[in-house]
Structures are given as C-alpha cells and as structure tokens.
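For reference, the structure is listed below as structure tokens.
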Amino acid sequence: MLTIYNTLTRKKEKFQPIDAGKVRMYVCGLTTYDYAHIGHARMLVAFDVIQRYLRYSGLDVEYVRNITDIDDKILKRASENGEYFADLTERFIAATHEDEASLFIQRPDQEPRATAHIADIVAMIERLVEQDYAYRAENGDVYFSVKQFKNYGHLSNKNVEELLAGARIDIGELKRDPRDFALWKSASDEDVGWDSPWGYGRPGWHIECSAMSTCCLGDTFDIHGGGSDLMFPHHENEIAQSEAATGQSFARYWMHNGPVRVDNEKMSKSLGNFFTIRDVLKKYPAEVIRYLLVSSHYRSPINYSDQGLDQAAAALGRLYTALRDHDVTSAKDLANSRFEKAFQAAMDDDFNTPEAMSALFDLARECNRVAKSGEADAEQRAAQLARLLVRLGGVLGLLQGDAETFLQSGSADAGIDADAIDALVAQRRQARADKNWALADEIRDKLTAMDVVVEDGADGSRWRIERHGSDK
RNA sequence: GGCUGGAUGGCAGAGUGGUCAUGCAGCGGACUGCAACUCCGUUAACGCCGGUUCGAUUCCGACUCCAGCCUCCA
C-alpha cells in the first residue's frame, strides 16, 4: 500500500486516487531563461522517479509538468541579450530537454506552456473577477483579493494577519491589501503582451499553474508537486485561485522535494552558487549525477559536492559490476522475490529511494554470490538476479546502460583512450603469461596513473575507470 | 520575529521502543604471482538535559545548533 507524505496535513497518508487505478499529477516546472542547474535536476529526477514508480505499481499516470515561458526574468534577460523573448525561451527549452534526456528523465505526458494558455488564464481570471475574488486596479493590473479566500495560508501554515503585519507596503500601492498578488500585469504597447478584458498585459506567475493544471487535469486532481521553495507563496496562491475559481477542492496530495545545498546553503540562482547540469556532465557521467540525486530521500536536503559524486560513482560501480558477464536479456524475469518485495515496501513508504536502493545492493550481493557458487545452474540463476536488478534499477531510472560501458566511462571531458588502455592491458597480459611480474606491475602502475584499474580474471584481464572528480 | 524541517558511526544516508540498514572508507580472512574485483567475517552512531517505560537513538518536554520559507527561486 502506497503512502505519501502530504504537505497539506504534514503526515504520511494512504494514497487513494480519485479514480481507481488512475493518477493525475501536476508538477511546477522551470522558468526557461537559463540553463537548468542541479537544484532543478533534483526536482526533475524526484518526480520522474515518482512517476515511474506509480506506473510500475500498475497505475495509469497522467503526468503534467509546465514550462513558464513568460515572466519578468525572461523579459529582463531577453532585453539584456537584445533578443525576442520567445527566441530566448525556445533556446533554453531545447537545452533543458537535452539535459533531461541526459539524466534519463522521461518526458511528461503533457508539457503545457504559459504562452499557449493565455486564453485559459484570462478565462480563469474572469471567473475570479466575476465572483469578487479579484479586482482590476486603476492601471489595468488585476489582483487576487487574499482576504476574500477564507482558507488562505492553510498549506504553508501562514497566519493571514501576520502576513499583513510583515507585508511590504509600497508607495503608490495599487493593491487594496498588501497581501494581494497579481493575476494580470498591465503592459505598455511596445512590451510583450496579450489583449484582455482589463487591457493589454501579461499573466502573473501563479495563475498560469492554476489555469494549466485545471485545464490539463480537471478542477480536482491527485498530486501536485514542486520544490519546497514554491510552497509559499506560489502553491498557496495556486490553491486560492483555483478553489476560488472552480469552487472545487484543488489537489489532494501536495508533494515537495527538498533543496540541493552547496556548502550548507541552498543552491539558487540568486545566491549564484549553482552548478548547471551541463557543468557537472563535463566532470561526471550523467548516471552518477542521477544516482546522487536518488540516493537521498526526495524530501531531504541534499548536499552537492565532488566527494558526494565520487561516492555515488563508487556505489553505482558496485551495482554495475554485479551486472557484468550476465546475459540479462534472455534470463527469466523473476517475480515476487524477497528483493522486489523489499524494494516495493521501501518505495511504498513515501518513495523511500535510499531504502529501496539497499534492496538493490542486497540483490547485487546475492547475484555475485550465486555467480561464484559453482553450482550447476549458477550462471542461469545469477543472470535472473541480474535481470531483476536491471528491472528494479529501471524504476529509479538507473542501470539501463551496458555495464562494461559504464565502468569504462569517465566524464565527457576525461579523454579516455580505450585503444591505448587496451594495448597496455594486452602487453600486461603477455608479461603475465611470461611470468614477468616486474613488467606486469610496471604496466599496471602506468594504468593506475591513468585512473585505470585492472582486474585479472581467470580468462583474461579487464579494466575500469576509477573516478576521482575532486582531484581534477 | 512567525512558520516548516533537521541534528545518526570517518564520510554519505535510511530506519526502529529491546535483535542487520545500505554504500564508501577501515580491520581480519578466502581468492590472487602481488593486487583489483568478488565472497565471508568484523569495528563503529544515534546533539544536549529531563520525563514516560522493565527498557529509548526511536515517544514527550526544554535547550543548543543548522537549514528552508516568510522577496524571484526546483
């Protein structure tokens, strides 16, 4: 039985979809004016794993993740670059899709863009205005009236009165109440914008998610996700807008992934302490990054460091080592093994990936043990275990590559010369055949200097790369 | 200040009222020309102070420290 930690109640709850067997999930995606960083990757991977596990569990998933392709930061950046905003966003949407593919993140079922839903946004604002939940200011801005919505602050546990005390009151304020937030921002004719009943302008940030989620999934749906930093005010505002507009309850389960930290501070654009996905891909294989992101529980903060990536590489290497030499594709697919049960139990407990991973390591050990047991059907059984390892790894988006390829891969920039390494290994094999141990050791030292580890087996030697990202 | 969440062995990171997390590292052994890989065994932890309990790292309370949100942010 799947349980999910619901931010709304601050408790783990039994997951019961609105329609049996079907899950509708909306996740707040990226604002596309720059390359995605590891903090974004964390969100993308977390919900990718969730989505994969829901499907693995036999549920029919409709996964929607939006793209914010119009907002102040986009316009500012486009203006700085001297380019049309849509050229900027198209470029970074394409770049982000590349990064997602690198990290084995599956595409959502729908990926709505704000600019393609202006009519839905306007329609929702109209409903809010009609019901007095929103009002037009003198300059054409439209604001949501927070005090009109009784449940405001429920998700983030904010006291509306205290918000008022702390709110900034700008000079020349157009809002009736400082807590109110913009649904529609007026724009001058030369700015990017769309016509609306309140004049030329563009949508506020929060309303797009209300409009797109409702549009794609209905007034009420199962799961709404996003980074924990979006809880307030973004998600709080979404709830207010959506429930005010539709009169229906909005999302049932709210899920928030934890931040990525660098030196104990949140990685963020404003702090400037971020590493883009592409930066890190130059130093480490994509799967290592993904492993790092899955090796902590999705709600916990995760620290980003080269040391962490090195450890992730070592751990992943262990799993891939177990897969070597086994004919996975033709092996029988094991069902209902104790390993899979342990994996499921962990994942059913609010997607506890670290614990699920421990089941994978137990499985890898068993696979190694069986393989060298010397029993008659050892290889066959080991291959079955390996196949299971690949299948369960796949639920986490891991272990889908060729084992030898992974073990012999470095970073994109490592410049590994496999031919040269093979040549040295061949020389060493001859030296060993000649029992020239001095020469064999000398060649091994050379390989070690190249970050290559040789492993001598009964039927020849092979090699793998030992990664030391922090040394470079 | 308000609201969240956290403090676990050398590092990372789960979890549990009394018995194994797991990975890396360490130690002993098997294997190996020596190693590596692998296997077997093994060391080691639960911020601080009280309380509940036969027994708490796990429940409750205080304290200290850390982080996130309260302003754009995954």
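The values are calculated or read from the model by the stated rules, or taken from the named source; none is laboratory data. Every value quoted in this text rests on a predicted model; they were computed, and no experiment measured them. No Cβ is skipped: glycine too gets one built from the backbone with ideal geometry, and neighbour counts run over all protein chains shown. When the accessible area is computed, the model is the full protein with side chains, heavy atoms only, and any ligands, DNA or RNA have been set aside. Shrake-Rupley method; radii C 1.70, N 1.55, O 1.52, S 1.80 Å.
List of remarks:
- For A:Q408, the conditions (1) within 19 Å of A:V288 (Cβ to Cβ); (2) at pLDDT 95 or above; (3) surrounded by 15 or more Cβ atoms within 10 Å (Cβ to Cβ); (4) not small (G, A, S) all hold with the exception of (2).
- Looking only at segment A:318-340, residues that are open to solvent by 30 Å² or more (accessible area, probe 1.4 Å) and under 25 Å from the mean Cα position of the chain (by Cα) come to 1 in all.
- Looking across segment A:212-223, the residues that are out of contact with any strand residue (DSSP E or B) (no Cβ under 8 Å at 6 or more places or on another chain) and part of a helix (DSSP H, G or I) come down to A:T214, A:C215.
- Selected residue [at pLDDT 95 or above and within 34 Å of the chain's Cα centre (by Cα)] from A:G204, A:G166: A:G204
- Filtered residues of segment A:295-328 (kept if in a helix (DSSP H, G or I) and in contact with a Pro (Cβ under 8 Å, 6 or more places away or on another chain)): A:A313
- Listed by position, the strands (runs of 3 or more DSSP E) enclosed by segment A:1-98 that each have at least 1 residues that are among the acidic types (D, E), surrounded by 16 or more Cβ atoms within 10 Å (Cβ to Cβ) and touching a Lys or Arg at 6+ places or on another chain (Cβ under 7 Å) are A:60-65.
- Residue match in segment A:351-374 (condition: at pLDDT 95 or above, farther than 27 Å from A:E455 by Cβ and not in a helix (DSSP H, G or I)): yes
- Summed over segment A:286-313, the residues that are without any contact (Cβ under 8 Å) to a residue 24 or more places away in the chain and farther than 16 Å from A:A356 by Cβ give a count of 2.
- The requirement of being more than 7 Å from RNA strand B (Cβ to nearest atom) and touching a residue at least 24 places away in the same chain (Cβ under 8 Å) is not satisfied by A:K269.
- The residue list A:A371, A:A359, A:A386, A:A378 contains one member that is open to solvent by less than 10 Å² (accessible area, probe 1.4 Å), within 9 Å of RNA strand B (Cβ to nearest atom) and of a type outside the set (K, R), which is A:A359.
- Candidates are the residues of segment A:239-283 that are at pLDDT 95 or above and hydroxyl-bearing (S, T, Y); the one that is most open to solvent (accessible area, probe 1.4 Å) is A:S249.
- Enumeration of residues in segment A:124-148 that are assigned to a strand (DSSP E or B) and either in contact with a Gly (Cβ under 6 Å, 6 or more places away or on another chain) or not aromatic (F, W, Y) (or both): A:A134, A:R136, A:V142
- Hits in segment A:244-266 - residues which are free of Cβ contacts under 8 Å to residues at least 12 places away in the same chain and either in a helix (DSSP H, G or I) or farther than 30 Å from A:G153 by Cα (or both): A:D263
- Segment A:309-329: number of residues that are more than 6 Å from RNA strand B (Cβ to nearest atom) and either under 23 Å from A:S228 (Cβ atoms) or not small (G, A, S) (or both): 13
- Scanning segment A:214-222 for any residue that is buried (at least 23 other Cβ atoms within 10 Å of the Cβ) and within 12 Å of RNA strand B (Cβ to nearest atom) turns up nothing.
- Scan of segment A:224-238 for residues that are assigned to a helix (DSSP H, G or I), open to solvent by less than 20 Å² (accessible area, probe 1.4 Å) and out of contact with any Gly (no Cβ under 7 Å at 6 or more places or on another chain), ordered by number: A:H234, A:N237, A:E238
- Filter pass, A:R391 being within 16 Å of RNA strand B (Cβ to nearest atom), outside the structural domain of A:R55 (by TED's automatic domain parsing), outside any loop (DSSP other than H, G, I, E, B) and modelled with pLDDT of 95 or more: no
- Hey, A:C209 more than 9 Å from RNA strand B (Cβ to nearest atom), over 26 Å from A:N159 (Cβ atoms), part of a helix (DSSP H, G or I) and assigned by TED's automatic domain parsing to the domain that holds A:V64 or not: no
- Within segment A:30-59, the residues that satisfy the criterion of being within 14 Å of RNA strand B (Cβ to nearest atom) and in contact with a Pro (Cβ under 8 Å, 6 or more places away or on another chain) are A:G39, A:R42.
- Of the residues making up segment A:421-451, those that are assigned to a helix (DSSP H, G or I) and near RNA strand B (Cβ under 8 Å from one of its atoms) are A:R428, A:A431, A:R432, A:W437, A:A438, A:A440, A:D441, A:R444.
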